[in-house]
1. If neighbour count is taken as other Cβ atoms inside 10 Å, put R120, R104, R5 in order from fewest to most.
2. Computed from the coordinates I sent, Rg/Rh (Cα atoms, Kirkwood Rh) equals one of [x] 0.96; [y] 1.30; [z] 1.04. Tell me the label.
3. I need the chymotrypsin sites (Phe, Trp or Tyr not before Pro) found in segment 51-108, filtered to DSSP loop residues with at most 16 other beta carbons within 10 Å of theirs.
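Every number in this text was worked out from the coordinates using simple rules, so none of it is lab data. Please read these numbers as outputs of a predicted model, since none were measured by experiment. Glycine gets a Cβ as well: all are built from the backbone with ideal geometry, and neighbour counts include every protein chain shown.
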Amino acid sequence: MKEVRLQKYLASSGIASRRKCEEYILEGLVKVNGEIVRTLGTKIDPEKDIVCFRDEKVKKADEKHVYILLNKPIGYVTTVKDQFKRDTVLDLVKINKRIVPVGRLDMYTSGALILTDDRRICI
């Protein structure tokens with residue numbers, strides 16, 4: 001496998017969003033081969049390097065992805081986290097993976113919505 005940026009590897013492994021992973025790197029919470037890394041853009045080889053977040057080994061991202069087709073009801077916000085503490089579409093789905101909605105539907109609109117952990121289709 002070719003080298004990838006550390007923050008991208010962490011995000012694809014389900015740690016957090018890429019931006020949040022960058023914050024974790026800058027805070028010194030990420031180690032590569034036992035050494036703390038604080039430089040953004042550091043490249044790693046997922047096949048050879050051992051990456052730890054908060055002293056726990058980060059598992060490689062699954063190659064299998066989750067795709068959920070949800071019939072979004074009225075009254076739910078199409079977002080991962082809402083600043084106003086409203087119910088989100090993720091409250092409707094109980095899954096032990098970091099998934100995100102693809103696209104948006106208004107809070108007062110119902111309809112088909114895709115939720116996935118596959119970042120390649122999230123635009």
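1. R120, R104, R5
2. [z]
3. F84, Y108
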